[in-house]
Structures are given as C-alpha cells and as structure tokens.
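Worksheet: one structure, shown below.
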Amino acid sequence: MLVLIALSILHIAAIILLLVATIDNAWWVSPTMSTDVWGRWVLTNNKWNLTDLPSNYETDYLQAVQATSVLACIFSIIALFVFIAELFTLPKGRRFTISGVFQVLACLFIMIAASIYTDRFHVNEKSLGNYGHSFILAWIAFGLTFISSIVYFVLRKK
Amino acid sequence: SVAAEDQTSYMFRCVWSAQGLEMSVGKVPFLEAVNGSTVMLPCTYASCIGIKDLYFNWQYNDNGTMQKVCDAVIPTEDVVPDVKVFRERVEFIGKNHKNNISILIWNITFEDGGLYTCFGRNPKEKNKNHSAVFHLIVVDELRVVDNTLTIIIASAVGGAIAFLMAFMLLKNFTLFVLAKLEEKNKECLVSSSGIDNTENGLSGSKADSKPTPKKK
C-alpha cells in the first residue's frame with residue numbers, strides 16, 4: 001500500500017515537473033531576459049514583454065525540442081492513467097509493463113529534448129546568461145521518470 | 001391596444017432572455033486580409049420581440065471621427081432594404097436574408113484597415129440600440145502556417161499507441177497458437193500410450209479409489 005502511494009506521488013511529481021519545464025519559458029535566463037522554448041520574455045522599461053524567439057534559432061532543432069518536451073508530458077500523463085487502470089485489472093503476480101513502457105518513452109523524449117537544447121542552443125553565450133529553472137526541472141524530470149519506469153518494470157502486483 | 005400588448009410581450013419575452021436588440025459581427029470579430037483582396041464584414045441582428053423600421057448603419061472609425069459607410073431603415077424582417085452607401089468600393093450584400101446586414105469591400109487598401117462599427121436601433125423596443133465592432137487588418141502577405149509541430153506530436157502519440165496495440169495483439173496471438181500446438185501434442189502422447197484418465201485404462205494400473213464421504 002505504501003509502495004503504491006509512494007509510486008503515485010513520484011509519478012505525479014514527474015508529471016508536474018515536466019509540465020512546468022514545457023510550459024514556462026525559462027530554459028535560459030539573464031537579468032533582462034527569460035527565453036525558450038515558446039517565446040522570449042524581455043524586460044523593457046520595467047515591464048516584461050513577450051516577444052518572438054530570434055529568427056537565427058534553427059527551426060528544426062527548436063521544433064524538435066518543442067515536440068519532444070510536449071510528447072514527454074503527454075506520455076507521462078497517459079502512463080498515469082494506464083497505471084491506475086492496471087492497478088485494478090492486472091492479475092496477481094504480473095508486472096506493470098504498459099505503464100512502464102509509456103513512462104520510459106516519456107523519459108526518452110525529455111532526455112532528447114534536454115540534450116538537443118544543451119547541445120544546440122546558447123553554446124557560445126555562457127557570459128550572457130545561465131540555464132533557467134525550466135531546464136533544470138527538465139533534467140530532474142528525466143531522472144524521476146527513469147526511476148519510476150524502472151520501478152514499474154520490476155514491481156509485481158500483489 | 002397594440003402598443004400595450006407589445007409592452008407586456010416585451011417584458012415577458014425580452015427581460016428573461018436577451019437584452020433586446022443585439023448586433024453581432026460573428027464569433028471572430030477580426031479579419032486579416034491581403035492588400036487588394038475583397039473582404040466581407042459580417043453583421044447580423046437579433047431581437048427577441050421582432051423589429052419594425054429598424055435603423056442600422058456601418059461606421060468607420062477614422063482617427064476618432066466616425067464616418068458613416070452606409071445606412072438604411074429596415075421596415076420588417078423579410079424586406080430587402082434600400083441602403084445608401086457613402087463610401088467607395090462598398091457594396092451591401094446582406095439583403096436582409098435571415099437578419100443579415102453584411103457589407104462587401106472591394107479591392108481593399110491599407111487605408112481601409114481599422115475598426116468598423118455595426119450599429120442598430122429598434123423603435124419597437126423603445127429605441128433600444130446596440131453596436132458591434134469589427135476589426136479589419138490589411139497585411140502585405142499572409143503568414144504561412146507551419147504545421148510540423150502538430151504533425152510530429154500527433155504521429156508520435158498515434159504511432160506509440162498503435163505499436164503497443166499491435167505488439168499486445170501479436171503476443172496474445174502467438175501465445176494462443178503455441179497453446180493450441182501444445183494441446184495437439186498432448187493429445188498425441190495420451191492416445192499413443194493408452195492411459196487416459198477414464199475408466200478404460202489398463203487393469204491394475206490405478207490406485208484403489210477411496211469411497212467419497214457423503215456430506216449430510
């Protein structure tokens with residue numbers, strides 16, 4: 001019982017982190033700017049304005065980061081529903097394979113998103129800013145989804 | 001008298017439902033159009049008690065001053081009104097079909113862009129009036145809609161679910177076929193040895209059967 005509650009909390013925490021990382025435009029921040037993956041917040045005259053991302057961002061890589069981070073959220077949420085369904089329908093002694101599969105897909109996708117972002121964006125701008133909280137949460141969510149998918153693959157239903 | 005009937009009818013029908021005369025420019029009150037194209041500015045009116053000599057006009061907001069584009073008086077709901085047009089390249093196409101009073105602007109220029117107000121006044125409802133604002137935006141070229149993100153996400157989710165379903169079906173089918181083969185093999189073994197679990201086995205090959213205790 002305790003294991004189930006802990007597992008659900010872990011999963012829900014992973015979903016929340018994934019959602020914040022995807023929705024909040026804060027992968028790269030500086031004192032006057034908070035940017036990626038959907039838009040750029042610029043501080044002008046003490047007011048934050050949402051502007052478009054600069055056109056020198058390579059659209060392929062940007063769309064890959066956007067798509068994979070959204071897909072990670074979607075698969076993690078599907079995995080939660082599948083887990084609840086499997087709790088009630090799985091025969092005793094079987095493993096939660098389908099939830100594990102969806103969760104490992106979510107882990108894979110957020111890893112792809114964060115890796116592409118780390119490698120391709122802001123590589124020469126280390127002095128102009130630093131990685132923001134969305135970026136950090138994306139990597140933490142990768143860790144959490146990885147752990148929870150391993151648990152789903154190992155745990156047997158009592 | 002007719003006026004008194006209208007008043008009570010108005011009270012009962014209009015007060016609980018709508019606010020009387022309503023002008024609507026549609027669900028999307030703006031339009032982006034390319035320079036040189038022809039656009040339709042939609043407008044419909046609705047009144048819970050009906051109209052009589054409804055006065056309506058279209059006005060263009062020119063830096064604060066409202067210029068009249070066209071106006072007319074509609075006697076009843078199924079009469080095509082005689083509309084006076086005060087602006088060039090404007091044509092009235094509503095023709096009062098189903099309370100439609102839209103106008104068409106031919107070959108728009110950048111100066112045609114701005115806020116257009118569709119105004120109506122219904123004497124039957126104690127001159128209640130209402131207006132709706134439509135925003136016309138004239139652009140050089142239309143933005144190209146990029147769908148790659150939607151396509152990637154939709155195909156990834158669809159593909160994952162389809163793959164999972166196919167895999168489960170295939171696994172169950174293979175297990176089913178294997179189980180059937182096992183059954184066939186078992187049958188062959190049983191019939192060749194002559195020992196099956198019925199009474200017709202070799203004599204002396206079974207243990208003494210205990211009498212089953214009967215429950216009372």
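For segment A:20-62: of the residues being part of a helix (DSSP H, G or I) and crowded, with 17+ Cβ neighbours inside 10 Å, which is farthest from the other protein chains (Cβ to nearest Cβ)? So that I can check it myself, show each step before the final result.
Going through segment A:20-62, the residues part of a helix (DSSP H, G or I) turn out to be A:20-23, A:59-62.
Cutting the leftovers down to crowded, with 17+ Cβ neighbours inside 10 Å gives us A:21-22, A:62.
Details: A:Ala21: 16, A:Thr22: 12, A:Leu62: 9 Å.
Only one residue fits best here, namely A:Ala21.
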* For segment A:90-101, does any single residue satisfy the condition of being within 14 Å of another protein chain (Cβ to nearest Cβ), in contact with an Asp or Glu (Cβ under 8 Å, 6 or more places away or on another chain), part of a helix (DSSP H, G or I) and more than 26 Å from A:Trp28 (Cα to Cα)? -> yes
Note on A:Ile12: of the conditions (1) open to solvent by less than 50 Å² (accessible area, probe 1.4 Å); (2) in contact with a Leu (Cβ under 8 Å, 6 or more places away or on another chain), unmet is (1)
In segment A:84-104, anything buried (at least 22 other Cβ atoms within 10 Å of the Cβ) and within 27 Å of A:Ile136 (Cα to Cα) is listed as A:Ser99, A:Gly100, A:Phe102, A:Gln103
Practice task
For A:Phe75, indicate whether it is within 13 Å of chain B (Cβ to nearest Cβ), at pLDDT 90 or above and surrounded by fewer than 19 Cβ atoms within 10 Å (Cβ to Cβ).
Solution key: no
Restricted to segment B:23-69 and to residues being of a type in the set (S, T, N, Q) and in a strand (DSSP E or B), the residue nearest to B:Ile105 (Cα to Cα) is B:Gln59
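Looking at segment B:86-100, is at least one residue open to solvent by less than 60 Å² (accessible area, probe 1.4 Å) and within 14 Å of chain A (Cβ to nearest Cβ)?
Start the filter on segment B:86-100 by keeping residues that are open to solvent by less than 60 Å² (accessible area, probe 1.4 Å), which leaves B:87, B:90, B:92-94, B:96, B:99-100.
Of the ones still in play, those that are also within 14 Å of chain A (Cβ to nearest Cβ) are none.
No, segment B:86-100 contains no residue that is open to solvent by less than 60 Å² (accessible area, probe 1.4 Å) and within 14 Å of chain A (Cβ to nearest Cβ).
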Condition set more than 10 Å from chain A (Cβ to nearest Cβ) and open to solvent by 70 Å² or more (accessible area, probe 1.4 Å), scope segment B:156-173, selection nearest to the chain's Cα centre (by Cα): answer is B:Met165
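The values are calculated or read from the model by the stated rules, or taken from the named source; none is laboratory data. Quick caveat: nothing in here was measured; it's all calculated off a predicted structure. Glycine also receives a Cβ, built like all others from the backbone with ideal geometry; neighbour counts cover every protein chain displayed. For accessibility, only protein heavy atoms count, side chains too; no ligands or nucleic acids. Shrake-Rupley method; radii C 1.70, N 1.55, O 1.52, S 1.80 Å.
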